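Accompanying notes for the structure given below.
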Amino acid sequence: MTFGEWLAAVVVLLLALYGCAQLIRRLCLWATRCPRSVACYRLAVPRERGAIEPLFRCLQAQAAWADARTERTLVVLPTLGEEQQRMVVRLEEDNPAVTAVTAEELAALAVNIQEF
């Protein structure tokens, strides 16, 4: 066998091992999934106000491609001005998997999950 054939065989073997590892990972995630009575949320806190719009787009894309069954991603926002509030409402309409909340709304969510 030539060097190219050996290299191809090694690459095929490594890809097969990777596929087996991913299958085992999926089976483990399926076996340890949350019961249906549990709501799974992700929490994101932007460091800068200018990062809100890119953050919403990023989180929506991650939700579309994620393996995990997270119901929604919550973005904790500080008090915003009127123009920024309109921007957040528009972003929530464009990105249904992401919801903006304030610290007070987050506390209410912890008390009564049915409101969200």
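Computed from the coordinates by the stated procedures, all read-outs in this text should not be read as laboratory data. Here the structure is a predicted model, which is why all the values come from computation and not from measurement. Don't worry about glycine lacking a Cβ; one is built from the backbone with ideal geometry, like all the others, and counts go over all protein chains shown.
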What's the ranking of 97-104, 24-31 by average number of surrounding C-beta atoms within 10 Å, highest first?
97-104, 24-31
May I ask for the angle, rounded to the nearest 10°, between helix 52-65 and the longest principal axis of the chain, with both axes built from Cα atoms and the value confined to 0 to 90°?
40 degrees
FRET efficiency for C34 and A108, using Cβ-Cβ distance with R0 set to 30 Å, rounded to 0.05:
0.85
Can you give me the angle between helix 3-31 and the longest principal axis of the chain, using Cα atoms only, in degrees from 0 to 90, rounded to the nearest 10?
40 degrees
Packing-ranked peptide list from 7-20, 78-91, 46-59, highest mean Cβ count within 10 angstrom first, is 46-59, 78-91, 7-20
Counting every C-alpha pair in the chain, the percent lying more than 20 Å apart is 58 percent
Crossing angle, helix 82-94 versus the chain [Cα axis fit, 0-90 degrees, rounded to tens]:
40 degrees
Hey, if you put +1 on the Cβ of every Lys and Arg and -1 on every Asp and Glu Cβ in the chain, which of A31, A66, A108 ends up farthest toward the positive end of that dipole?
A31
